[in-house]
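**Student:** The structure that follows is given in the form of structure tokens.
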Amino acid sequence: MAKLKDFYDVIVIGGGCTGTGVARDCSMRGLRTLLVEKRDFAGGTTGACMGMIHGGIRYLLYDVETTRVSCLDSGYIQRIAPHLLFRIPFLTPVMKGDPFNAEMVETFFEAYDRFVHLKRGKKHTRLTREEALEIEPGLSSEITGAVASDEWGINPFRLCVANALDAAGRGADVSNYTETVSIAREGRRVRGVRLRDVLGGGERDVRASIVVNAAGPWAPKVAALAGIAVKLRPTKGINIFFERRITSVAVSADTIDGRNILLMPHENSTMLGCTDDDFYGDLDHLTATHDEIEYLLQAAERVFPSIRSHRIIRVMAGVRPTLYSWRRIEDKLSRDFEVRDHAATDGVEGFISVIGGKLAMYRLMAEKATNLVCAKTGVEAECRTHLEPLTGGGEPPDTEALAAGYSLPLYAVRRLAFRHGANCAEVLKLARGEPRLANLICRCEPVTAAEIVYCVRKEMARTLDDVRRRTNLGCGPCQGARCAFKAAILLARERGDPPGAAREHAAAFLQRRWKGKFPALRGEQLAQEELNQGTYFTAGNLHEALREEDFLRGHRL
């Protein structure tokens, strides 16, 4: 647990996009701020999303305002974190036998075009069958035409880390692996919280004027600690990842029950998602099922017939903190949000909950919550989170010069710049004093030793999974089999861990990777995984890791 003060103006519980956004906004307005997260930043719902800052065209059918504000906030997020975003071209194909024709689809997109300028998007274009197949030959021959549009992809992990670091840079105390175990009340007022160090043990009490509950789907549990009932309609979604880009554009598809899903290139892989089902289980232990995977594959192969021939490398599950509603199917639930002042709704002062919403409007959610905090604490400062760049959002680095200066592949430096933006040079400077840190540890992504060390020293990474969230370590085709041990050695060295800790770090990391792989393993993929485990995890990777350990410690073999 980080060194904490005894009293704060505001304590923010939850380290997803909303919580880190609130902490940044509060610190920018001069409030003494503490942000706590029981796991790691973006370790819950934010890290399990599809990674898009999009308007959400489908919401036009029942939630037009959500579409508008999502597009508006998308434009703001592009301004403050330009290095983390990338444009994704979209195709919405029209199939033979569909209940709607190309004219009907185009009319829908004409309505969406009213908002796309807010997110620097391009207006739709109607395509013939031949034009659509020329753009993406993998589409089904059963299409009759398509509509082209675009959306923006983002790295949600880096977005959360950037917000947390920005808050810390402005004076906030930020602490991951810090669980809120109780909330202190004096009569009708919340006075503070009791915190537990998840990794190191120990508890302590911290007081505050305001406590903000930004725990996503865990918000009802956090509110219950204060004796308050918060009701959500949590829904579970899964995303499937393929080993590489198997499409040149994102492709929209309909499921057997009429819901919409996407097959989408995202960074170095392809995502297929997502499901949307009511969830009543354990939020801390999510797994995908065979039925959920089959549901997505069945829908995707109707528009992209070769989908089953591509290798799945992992499946990711998450739960949305959707606002409560009765008698609506999950896919039609509102993605709107609510900033709830429990003084007004429950007669309890000093406690605020931020519930609902989605990644594309996290900044607006944070602004509304901070406005309420300021109103209650007498602070008159205006919000500037849409104007001032996030950590890394400044002047883009000269990647060609950096690649030449550190003898690194240009692609590796460009990927580093995508993640760290203006701080890219600062990361690589670590290799000046220790040239070995310029070595590539993960070649799938790729990730240098310097970046791993930087994340531990400067970005609060405490486990290999934390490093993964910040760097994409182990997210490529090998899923960590060839880089886990070498990365674990670096982590153990930076932490000053005792002998043998590196093996424990690596084993825990590979177990987490396995959790995302096993639901999809079958047939040839299962046999390939057996071979991969046998070749790299035992003989190959262990031998390389031992050599790398001696190398990094300066010994000769």
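The values are calculated or read from the model by the stated rules, or taken from the named source; none is laboratory data. Given the structure is predicted, the values throughout are model-derived calculations rather than measurements. All Cβ positions, even for glycine, are placed from backbone atoms using ideal geometry, and neighbour counts span all protein chains on display. Just the protein is used for accessible areas: all its heavy atoms, side chains included, with ligands, DNA and RNA removed. Shrake-Rupley method; radii C 1.70, N 1.55, O 1.52, S 1.80 Å.
**Student:** Name, by its number, the condition in (1) surrounded by fewer than 23 Cβ atoms within 10 Å (Cβ to Cβ); (2) out of contact with any Gly (no Cβ under 8 Å at 6 or more places or on another chain); (3) touching a residue at least 12 places away in the same chain (Cβ under 8 Å) that does not hold for A422.
**Tutor:** (2)
**Student:** If you go through the stretch 151-171 one residue at a time, how many are open to solvent by less than 30 Å² (accessible area, probe 1.4 Å), among the small types (G, A, S) and out of contact with any Phe, Trp or Tyr (no Cβ under 6 Å at 6 or more places or on another chain)? Before you say what the answer is, go through the steps one by one.
**Tutor:** Of the stretch 151-171, the ones open to solvent by less than 30 Å² (accessible area, probe 1.4 Å) are 151-156, 158-164, 166-167.
In the following step, the residues that additionally are among the small types (G, A, S) were identified as 153, 162, 164, 167.
Pick out the ones that are also out of contact with any Phe, Trp or Tyr (no Cβ under 6 Å at 6 or more places or on another chain) and you get 162, 167.
Looking only at that region, the number is 2.
**Student:** Name, by its number, the condition in (1) surrounded by fewer than 19 Cβ atoms within 10 Å (Cβ to Cβ); (2) at pLDDT 95 or above; (3) farther than 24 Å from V222 by Cβ that does not hold for V64.
**Tutor:** (2)
**Student:** What strands (runs of 3 or more DSSP E) completely inside the stretch 208-273 contain at least 2 residues that are open to solvent by 10 Å² or more (accessible area, probe 1.4 Å)?
**Tutor:** Numbers: elements: 235-242, 250-254, 260-266, 269-273.
In the stretch 208-273, 235-242, 250-254, 260-266 are the strands (runs of 3 or more DSSP E) which contain 2 or more residues that are open to solvent by 10 Å² or more (accessible area, probe 1.4 Å).
**Student:** Suppose we filter the stretch 87-124 for residues that are in a helix (DSSP H, G or I), over 14 Å from L60 (Cα atoms) and modelled with pLDDT of 90 or more; how many remain?
**Tutor:** Count: 3.
Okay, residues lined up against (1) touching a Pro at 6+ places or on another chain (Cβ under 8 Å); (2) open to solvent by 70 Å² or more (accessible area, probe 1.4 Å); (3) acidic (D, E); (4) under 30 Å from A2 (Cα atoms):
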site	(1), (2), (3), (4)
F86	no, no, no, no
F90	no, no, no, no
E110	no, yes, yes, no
K122	no, yes, no, no
S140	yes, no, no, no
D173	no, no, yes, yes
T180	no, no, no, yes
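**Student:** Just a yes or no: is a residue in the stretch 123-132 over 20 Å from F86 (Cα atoms) and touching an Asp or Glu at 6+ places or on another chain (Cβ under 6 Å)?
**Tutor:** Yes, the stretch 123-132 contains a residue that is over 20 Å from F86 (Cα atoms) and touching an Asp or Glu at 6+ places or on another chain (Cβ under 6 Å).
**Student:** Taking into account only those residues within the stretch 440-471 that are in a loop (DSSP other than H, G, I, E, B) and modelled with pLDDT of 95 or more, which is surrounded by the most Cβ atoms within 10 Å (Cβ to Cβ)? Give the steps one after another, and end with the answer.
**Tutor:** Taking the stretch 440-471 first, the residues in a loop (DSSP other than H, G, I, E, B) are 443-446, 459-463.
Then drop every residue that is not modelled with pLDDT of 95 or more, which leaves 459-463.
Working: E459: 24, M460: 22, A461: 27, R462: 17, T463: 21.
In this case the residue turns out to be A461.
**Student:** Of all residues in the stretch 364-393, count the ones that are under 27 Å from A208 (Cα atoms), open to solvent by 10 Å² or more (accessible area, probe 1.4 Å) and of a type outside the set (D, E).
**Tutor:** 14
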